[in-house]
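Read-outs throughout are calculated quantities, based only on the coordinates presented, and are distinct from any laboratory measurement. Computed from a predicted structure; not experimentally measured. Glycine gets a Cβ as well: all are built from the backbone with ideal geometry, and neighbour counts include every protein chain shown.
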Amino acid sequence: MDDATVAGVVPRRSAGRPPDEEKTREILEAGRRQFITRGFEATTIESVAEEAGVSKVTVYKRFTSKTGLFAAIIRELVGRMGDAVARMPGASGALRERLIVCGFSLMKSVVCREIIAVDRLVAQESERHQELAEALFEAGPRLALQQLAATLREGPGQCDLDLSDPVAVAQDLLSLWFGFEWEAIRLNVREIPDEEWLRQHVERCVDRILLAYRE
């Protein structure tokens, strides 16, 4: 008896994707939705299997356990986040413009409902799944710091700035970008802002850093 018969529904398949790959993708998507909306404890293999249109045996075969499924989902999202941060574009011209381009690209990739939901979920489970918290940190804050420091090392573009320690400058700038307002967003105190607000926020923080590091 196949999974469609067991679950009573026909699995969804996208054109051109092998059935096994499609089935795995549907399990991951169902699991992601349920972990984010229900939390780790309330999500079950049975509920994920039902939503994905497969049997729970299929889920166990692919991911071994609920923890294994959770880890696979987080690692996939971490990978996507890391890719987005790594693609922070460079820019020609003065340092201010280069930093604004990098900052706006970074904030657009991170300030979204899915990444925020994953951030909250990993924080809740960090004691039991420390390796996932570390992976999220490496793909997000750590990689962003490296990319931003590299931008600062490319050349100041302004001779009146002290950029002798680009890592410290990058840390300070990230702290401004992801400071008070970011915490308000993460805690649902304020709505996710639009792109115009993000751009103005990025520019304001860049100007503060350039002023602070003026020689």
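Restricting attention to region 179-215, the residues being without any contact (Cβ under 8 Å) to a residue 60 or more places away in the chain, not polar (S, T, N, Q) and not in a helix (DSSP H, G or I) number 9.
The combined condition, being surrounded by fewer than 19 Cβ atoms within 10 Å (Cβ to Cβ), charged (D, E, K, R) and more than 17 Å from the chain's Cα centre (by Cα), is fulfilled by R128. Being surrounded by 14 or more Cβ atoms within 10 Å (Cβ to Cβ), farther than 17 Å from L148 by Cα and under 17 Å from the mean Cα position of the chain (by Cα) is the filter here, so list the residues in region 171-197 that pass it. Matches in region 171-197: W182, I185, R186, P193.
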